[in-house]
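Below is a structure I'd like to ask you about.
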Amino acid sequence: WAVMDGTKSVSTAKDFFGLIWAVLLKGKSEGAACALCDRVMNTILSGEADGGVEQVECESLCWGLRKCITICDKLRNALATSSKFPCVAAGYCPQVDEIGELPRCRYRFPSSCEPANMCAFKFPRCRLSAGYLKWRRFNAMMSDNVGALASAVSRMPKCGEPGAHRIFCINEPSGVGLWCLRISYLLAVWACIQSVRAIETPGGDDDRQWLSFWIIYLIMQGFEHVSDVLLSWMPHYFEAKLVVLVWLIFFNGADSLYRTVHLAFEQGYKQLVQWKVLVAPVVVEWDEEDYLDSLPSRIVASVKALGGIKKAFQGLTSPIHVLDRFGERGGRQLLKEFQKNAPRYLQVHLGGAQG
C-alpha cells in the first residue's frame, strides 16, 4: 500500500508540473489553463484534499506553485458563490450553456468579423455583439431558474423556510402591506353581509353587483394562489389590491365591470354573427294562444269564459283575488304556475296620472 500511495503521489505531482509548465510556456493558453483548473477541481472533490472545500489548503495542495494556488483560490470562491461549473465561473474554461460553447469571433480584413450575425468589431478586436450576449444571458437565466420557479409554484414555500429559494418564495407582507391585507379580509366579510341583504331585498340590481363581485373576487384569489410566488414581490401589491376591493365594493365597481365586459362580449358575438362564424338562434315569441296551451285545461276554460287573458287577469292584486275569481282549485293551480315563473322584474305602463 505504501508503494501504491507513493506511485499515486508521484503521478499527481507529474501531472501538476506538466500542466503548469504548459501554462507558463503558452502564457494565457485557454486549453492548458482549463485543463489545469479541471485537475485542481478533480483533486478538491475527489478526497485527495483533507476536510471539506472550506478547509482546502491551496498552498499544500498545489505544491507551493503560485499559478495553481491562484486557480485553487478562485475555485473555492466559485464553489461557494456560483451554481455553474467552477472552472467556467472562475474564467479558466470557455462559457458553455445548454446550446453549447460560445462562438469565437474572428477578424476579417478590412474591418468585419465572423460570424457576422453574432460578432461586431469593437476596436481593437472583434467581440460578441451586445444583443447576442444579452440573449445568451437571458437564456441561461431562464434555464437556471425555471426549475426553481416550478418547484416554488408547486410547494408555495414562504421565504425563510428550510429549502425555500431566496427569490422564488412567498414574501409575506409587513408594515402597511400587512395592514392592507388584514383590511381586505374585513372587506370580504362586509361583502358577505351585503350579499345576504341583497338576497332579501326585491329587485335584481344589487344582486348583479354582489354576484359580479364574488365572481371577480374568486378569479382574483385563484390567480393570486397560483402566482403568489411572483405577486408577493411586486412593490405595493397589497396596497393596490385593497384599492381595487374598495372600488369594487363601495363604488359599484363590480357592477360597472360586469356591464363593460358584458357589452364587449355582446359586441363580439354580434360581430361573429355578422361574419357568419356563429349562427344566431331563432327566438319565437309566444302569443296568447301559446300561453294558454301551457296552462291546465281547467284554467284555460275559465280564462276564455272571462273574455281572454287581459280581462281575466285584470284587477288581480293578491292571491285572494285569484282564488275568488278562479275558484279554490283553479286559483291554486294558477298561483302554482305563477310561482314557476318567479318574475324578478315587473314592467308597468303608466296609463294616466292626476296631480
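Counting just the residues of the range 317-334 that are in contact (Cβ under 8 Å) with a residue 24 or more places away in the chain and open to solvent by 50 Å² or more (accessible area, probe 1.4 Å), which one comes out nearest to E288 (Cα to Cα)? Even if it seems obvious, please write down each step before you answer.
Residues of the range 317-334 in contact (Cβ under 8 Å) with a residue 24 or more places away in the chain: 326-327, 329-330, 333-334.
So of that shortlist, the ones also open to solvent by 50 Å² or more (accessible area, probe 1.4 Å) come out as 329, 333.
Values: R329: 23, Q333: 18 Å.
Within the range 317-334, the match that is nearest to E288 (Cα to Cα) is Q333.
Starting from residues that are exposed (fewer than 13 other Cβ atoms within 10 Å of the Cβ) and basic (K, R), keep the ones in the range 128-149 and report whichever is modelled with the highest pLDDT.
Taking the range 128-149 as the starting set, the residues that turn out to be exposed (fewer than 13 other Cβ atoms within 10 Å of the Cβ) are 130-131, 134-135, 137-138, 141-143, 146-147.
Add one more test, that the residue is basic (K, R), and what stays is 134, 137.
Details: K134: 73, R137: 69.
The qualifying residue modelled with the highest pLDDT is K134.
Shifting gears a bit: Regarding the range 199-210, can at least one residue be identified that is of a type outside the set (F, W, Y), open to solvent by 30 Å² or more (accessible area, probe 1.4 Å) and touching a Phe, Trp or Tyr at 6+ places or on another chain (Cβ under 7 Å)?
yes
While we're looking at this one, here's another question. Got a sec? Which of I299, I249 is within 23 Å of W179 (Cβ to Cβ) and either part of a helix (DSSP H, G or I) or in contact with a Phe, Trp or Tyr (Cβ under 6 Å, 6 or more places away or on another chain) (or both)?
Numbers: I299 fails: within 23 Å of W179 (Cβ to Cβ).
Every option except I249 fails the conditions.
Regarding D228, is this residue over 30 Å from A148 (Cα atoms) and either among the hydroxyl-bearing types (S, T, Y) or in contact (Cβ under 8 Å) with a residue 40 or more places away in the chain (or both)? First the steps, then the outcome.
Numbers: over 30 Å from A148 (Cα atoms): no; either among the hydroxyl-bearing types (S, T, Y) or in contact (Cβ under 8 Å) with a residue 40 or more places away in the chain (or both): yes.
No, not satisfied.
A further question on this structure: Please count how many residues of the range 157-192 are open to solvent by 80 Å² or more (accessible area, probe 1.4 Å) and assigned to a helix (DSSP H, G or I).
7
One line per residue, one yes/no per condition, for (1) surrounded by 10 or more Cβ atoms within 10 Å (Cβ to Cβ); (2) assigned to a helix (DSSP H, G or I); (3) under 28 Å from the mean Cα position of the chain (by Cα):
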| position | (1), (2), (3) |
| --- | --- |
| F238 | yes, yes, yes |
| L242 | yes, yes, yes |
| L263 | yes, yes, yes |
| Q271 | yes, yes, no |
| G315 | no, no, no |
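Examine the range 198-209 for a residue that is among the hydrophobic types (A, V, I, L, M, F, W, C) and either farther than 15 Å from G253 by Cβ or not in a helix (DSSP H, G or I) (or both), and state whether such a residue exists.
Of all residues in the range 198-209, those among the hydrophobic types (A, V, I, L, M, F, W, C) come to 198-199.
Going one step further and asking which of them are either farther than 15 Å from G253 by Cβ or not in a helix (DSSP H, G or I) (or both), we end up with 198-199.
Taking every residue of the range 198-209 in turn, at least one turns out to be among the hydrophobic types (A, V, I, L, M, F, W, C) and either farther than 15 Å from G253 by Cβ or not in a helix (DSSP H, G or I) (or both).
Condition check ((1) in contact with a helix residue (DSSP H, G or I) (Cβ under 8 Å, 6 or more places away or on another chain); (2) at pLDDT below 65) across all residues:
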position	(1), (2)
P319	yes, no
L323	yes, no
K336	no, no
A342	no, yes
Y345	no, yes
H349	no, yes
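The values are calculated or read from the model by the stated rules, or taken from the named source; none is laboratory data. Please read these numbers as outputs of a predicted model, since none were measured by experiment. Note: ideal-geometry Cβ built from the backbone for every residue, glycine included; neighbour counts use all protein chains shown. The area values use the complete protein model at the heavy-atom level, side chains included, leaving out ligands, DNA and RNA. Shrake-Rupley method; radii C 1.70, N 1.55, O 1.52, S 1.80 Å.
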